[in-house]
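For reference, the structure is listed below as structure tokens.
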Amino acid sequence: MSETNDKTNFLLVKVSDDLMKVYLTVKPFTQGGVDINVNDVLQILQSKKISYGIKEEVIGATLDKARLKDSAVEDVLIAEGDQTVFGENGRLEFLFDVDKKIKPQEGAHGKVDFHEVSIIENVEKNRPLVKLIDPTLGKPGKNVFGKTLIPVHGKPCVLPMGENTRVSEKDSKLLVSSIDGNVRYTNGAVSVKSCCTVEKDVDFSTGNITSKGTVVVKGNVRSGFILDAIGDVEVWGTVEDSIIKSKGNVLIKGGFIGSGKGKIEAEGDATIGFARNQTIVATNVIILREAVGCTIYAKNAVKVSGDKISIEGGITTAGAMIEVESLGSNNEVHTDVEVGTNYAAQQSQMIKRKETSGLKALLKTVDKELNTLHAIQKAKGELPPQYTTTFDRLLSRREELVKKLNDLASEEIVSVNKDAKVLVHKVVHPGVEIKIGESTMTILEECKKATFYLTGDEIKIKK
């Protein structure tokens with residue numbers, strides 16, 4: 001065997017599966033009477049067509065180590081390719097608060113400070129809203145065989161242009177507002193809605209307010225008035241017996257009080273300082289102090305943070321959860337809370353039940369008239385001709401009513417969210433009735449810090 005072959009027997013070269021790294025193992029060679037140098041290793045690499053990223057200094061140091069130790073040196077990295085560098089995708093830099101949240105600050109004596117709270121971010125015409133950041137190019141790589149590796153370049157993105165926004169004439173990578181209004185980022189688009197601001201109370205001097213955008217009232221909303229907005233509604237003061245409708249969120253910094261003629265309907269969330277004797281319907285209802293004698297319906301959750309009194313009296317319903325400090329009061333006021341049912345489906349079922357009741361009353365009247373005609377027919381042996389048309393009409397009407405009743409009866413029952421729960425951080429007083437789906441529990445004794453949930457058809461308490 002030639003000297004080269006002998007030397008080869010002491011050297012093992014391995015290439016990684018991704019062809020980016022080469023490892024060298026050197027077996028003890030001094031006792032074999034041979035000496036191996038860097039060129040010997042390079043010849044082996046050349047024979048394997050390995051040509052890039054070779055670390056000659058590392059090879060020399062590895063041979064020296066093997067020579068001194070007279071023992072094997074294994075898996076030393078002696079060549080390494082260059083990895084490709086991926087380009088960064090284009091991105092959007094938002095120049096406004098995309099995730100604007102209501103975060104009231106609690107000050108001295110537990111009072112909630114609303115002065116800096118707003119669910120609205122107003123912008124002026126030509127205000128920059130979004131900046132487009134270009135993608136970057138990827139950097140090519142090379143494997144240990146000298147083959148160039150094609151990089152992946154970043155992908156561009158586009159400005160999220162929505163209603164009342166446009167590309168700036170001065171900078172094609174900048175989205176700006178076309179009008180003064182309220183900026184929102186929804187469904188992948190930035191839009192600016194016109195904002196209606198009332199600098200004083202909503203009363204007879206303003207009349208009812210209807211807006212295609214956001215409404216901000218810097219005073220109170222007096223009894224008997226209506227605020228109807230496609231956007232958000234924000235009231236800095238108190239709302240009395242009035243109607244507020246919003247396809248967005250509602251924020252009442254003061255209270256929502258009155259004799260029970262007031263109602264808030266929000267497709268988003270409703271956040272209120274405190275509420276008494278009023279009706280509130282929203283996806284989530286957040287009340288920062290107490291809710292007394294109210295009717296509350298939340299598609300998702302209700303949270304009431306009053307310390308001594310959270311929810312007292314009234315009816316509170318939520319699809320997923322009711323979370324409070326306390327339920328009921330020391331006076332054992334009857335308080336109903338219900339979780340697990342869909343409000344919209346529940347309301348639909350109530351309408352259907354009312355419709356069913358009306359149809360049954362009509363059917364009873366029709367049957368009474370038919371019985372009268374049957375009695376005449378029986379007495380005379382046949383129905384006189386003057387009653388034939390009426391008889392046919394009543395039969396047709398009866399068939400129509402029965403079909404409608406059958407259709408209503410066959411429709412689905414409201415489904416129950418079996419994961420729904422009532423979470424009480426401090427105390428539940430006697431007089432509280434808790435309902436989850438079709439199951440009901442009446443509280444007879446004071447209960448401290450408890451979670452009420454459904455197991456099967458039974459309400460359980462976790463303390």
When residues of the range 107-120 are limited to those that are loosely packed, with under 15 Cβ neighbours inside 10 Å and either in contact with a strand residue (DSSP E or B) (Cβ under 6 Å, 6 or more places away or on another chain) or at pLDDT 75 or above (or both), the one farthest from GLY268 (Cα to Cα) = GLY107
Among the candidates GLY231, GLY248, GLY273, single out the residue that is touching a strand residue (DSSP E or B) at 6+ places or on another chain (Cβ under 6 Å), surrounded by 20 or more Cβ atoms within 10 Å (Cβ to Cβ) and not in a strand (DSSP E or B).
-> GLY231
Scanning the range 53-71 for residues that are surrounded by 15 or more Cβ atoms within 10 Å (Cβ to Cβ) and assigned to a loop (DSSP other than H, G, I, E, B), the one nearest to the chain's Cα centre (by Cα) turns out to be GLY53
Test for ALA361: is it at pLDDT 85 or above and out of contact with any Ser or Thr (no Cβ under 8 Å at 6 or more places or on another chain) | yes
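With respect to GLU199, determine if the residue is surrounded by fewer than 23 Cβ atoms within 10 Å (Cβ to Cβ) and closer than 21 Å to ILE286 by Cα. Write out each step before concluding.
On the way: surrounded by fewer than 23 Cβ atoms within 10 Å (Cβ to Cβ): yes; closer than 21 Å to ILE286 by Cα: no.
Here the answer is no, as GLU199 does not meet what is asked.
Matching residues to (1) part of a strand (DSSP E or B); (2) in contact with an Asp or Glu (Cβ under 8 Å, 6 or more places away or on another chain); (3) crowded, with 19+ Cβ neighbours inside 10 Å; (4) assigned by TED's automatic domain parsing to the domain that holds THR210:
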residue: VAL158; (1), (2), (3), (4): no, no, no, no
residue: GLU163; (1), (2), (3), (4): no, no, no, no
residue: GLU169; (1), (2), (3), (4): no, no, no, no
residue: SER172; (1), (2), (3), (4): no, no, no, no
residue: VAL176; (1), (2), (3), (4): yes, no, yes, no
residue: ASN182; (1), (2), (3), (4): yes, yes, yes, no
In the range 251-268, what residues are in contact with a Lys or Arg (Cβ under 9 Å, 6 or more places away or on another chain) and part of a strand (DSSP E or B)?
-> GLY255, PHE256, ILE257, LYS263, ILE264, GLU265, ALA266
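For LEU68, state whether it is more than 30 Å from VAL190 (Cα to Cα), modelled with pLDDT under 95 and not assigned by TED's automatic domain parsing to the domain that holds LYS131. Outline the logic, then answer.
Numbers: more than 30 Å from VAL190 (Cα to Cα): yes; modelled with pLDDT under 95: yes; not assigned by TED's automatic domain parsing to the domain that holds LYS131: yes.
Yes; evaluated as a whole, the condition is true for this residue.
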Within the range 388-403, identify whether any single residue is under 49 Å from the mean Cα position of the chain (by Cα), under 30 Å from TYR343 (Cβ atoms) and not aromatic (Phe, Trp, Tyr), and answer yes or no.
-> yes
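Would a scan of the range 79-93 turn up a residue that is of a type in the set (Gly, Ala, Ser), farther than 30 Å from LYS21 by Cα, surrounded by fewer than 17 Cβ atoms within 10 Å (Cβ to Cβ) and at pLDDT 95 or above?
Yes, because at least one residue in the range 79-93 is of a type in the set (Gly, Ala, Ser), farther than 30 Å from LYS21 by Cα, surrounded by fewer than 17 Cβ atoms within 10 Å (Cβ to Cβ) and at pLDDT 95 or above.
Considering each of VAL281, VAL190, VAL250 in turn, give the residue that is hydrophobic (A, V, I, L, M, F, W, C), modelled with pLDDT of 95 or more and touching a helix residue (DSSP H, G or I) at 6+ places or on another chain (Cβ under 8 Å).
VAL281
Evaluate the following for VAL130: is it in the same structural domain as THR271 (by TED's automatic domain parsing), at pLDDT 85 or above, touching an Asp or Glu at 6+ places or on another chain (Cβ under 8 Å) and not in a loop (DSSP other than H, G, I, E, B)? Show your work before the answer.
Details: in the same structural domain as THR271 (by TED's automatic domain parsing): no; at pLDDT 85 or above: yes; touching an Asp or Glu at 6+ places or on another chain (Cβ under 8 Å): yes; not in a loop (DSSP other than H, G, I, E, B): yes.
No, not satisfied.
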Near pairs, Cβ below 8 angstrom, 6+ apart or cross-chain, from the range 56-70 (within 12 Å of PHE29 (Cβ to Cβ)) to any residue that is surrounded by 12 or more Cβ atoms within 10 Å (Cβ to Cβ) and among the aromatic types (Phe, Trp, Tyr) | ALA66/PHE29; ARG67/PHE29
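To keep it simple, each residue is scored yes or no on (1) over 31 Å from the mean Cα position of the chain (by Cα); (2) touching a residue at least 60 places away in the same chain (Cβ under 8 Å).
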site	(1), (2)
ILE322	no, yes
ALA344	no, no
SER357	yes, no
LYS378	yes, no
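Condition (residue is in contact with a Phe, Trp or Tyr (Cβ under 6 Å, 6 or more places away or on another chain) and either at pLDDT below 95 or crowded, with 22+ Cβ neighbours inside 10 Å (or both)) applied to the range 300-322: is it met by at least one residue? Give the derivation first.
Within the range 300-322, the subset in contact with a Phe, Trp or Tyr (Cβ under 6 Å, 6 or more places away or on another chain) is 317.
Next, from what is left, pick out any that are either at pLDDT below 95 or crowded, with 22+ Cβ neighbours inside 10 Å (or both): 317.
For the range 300-322, residues in contact with a Phe, Trp or Tyr (Cβ under 6 Å, 6 or more places away or on another chain) and either at pLDDT below 95 or crowded, with 22+ Cβ neighbours inside 10 Å (or both): present.
Okay, residues lined up against (1) among the acidic types (Asp, Glu); (2) within 29 Å of the chain's Cα centre (by Cα); (3) modelled with pLDDT of 90 or more:
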{"site": "VAL176", "(1), (2), (3)": "no, yes, yes"}
{"site": "CYS195", "(1), (2), (3)": "no, yes, no"}
{"site": "PHE204", "(1), (2), (3)": "no, no, no"}
{"site": "VAL215", "(1), (2), (3)": "no, yes, yes"}
{"site": "SER223", "(1), (2), (3)": "no, no, yes"}
{"site": "LEU227", "(1), (2), (3)": "no, yes, yes"}
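Collect the residues in the range 205-244 that are farther than 20 Å from THR279 by Cβ and either hydroxyl-bearing (Ser, Thr, Tyr) or free of Cβ contacts under 8 Å to residues at least 12 places away in the same chain (or both), keeping them in residue-number order. Working first, answer last.
Our first condition is that a residue be farther than 20 Å from THR279 by Cβ; within the range 205-244, this holds for 205-207, 210-214, 216, 218-219, 230-231, 236.
Matches in the range 205-244: SER205, THR206, THR210, SER211, THR214.
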Scan of the range 240-278 for residues that are over 16 Å from VAL304 (Cα atoms) and either among the small types (Gly, Ala, Ser) or in contact with a His (Cβ under 7 Å, 6 or more places away or on another chain) (or both), ordered by number = SER242, SER246, GLY248, GLY258, SER259, GLY260, GLY262, ALA266, GLY268
Of all residues in the range 14-52 being assigned to a strand (DSSP E or B) and in contact (Cβ under 8 Å) with a residue 60 or more places away in the chain, which is nearest to ASP82 (Cα to Cα)?
-> LYS21
Those residues of the range 202-218 which are crowded, with 19+ Cβ neighbours inside 10 Å and among the aliphatic types (A, V, I, L, M) amount to VAL202, VAL215, VAL216, VAL217
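The values are calculated or read from the model by the stated rules, or taken from the named source; none is laboratory data. These numbers were taken from a predicted model, which means no experiment stands behind them. All Cβ positions, glycine included, derive from the backbone under ideal geometry; neighbour counts span all protein chains shown.
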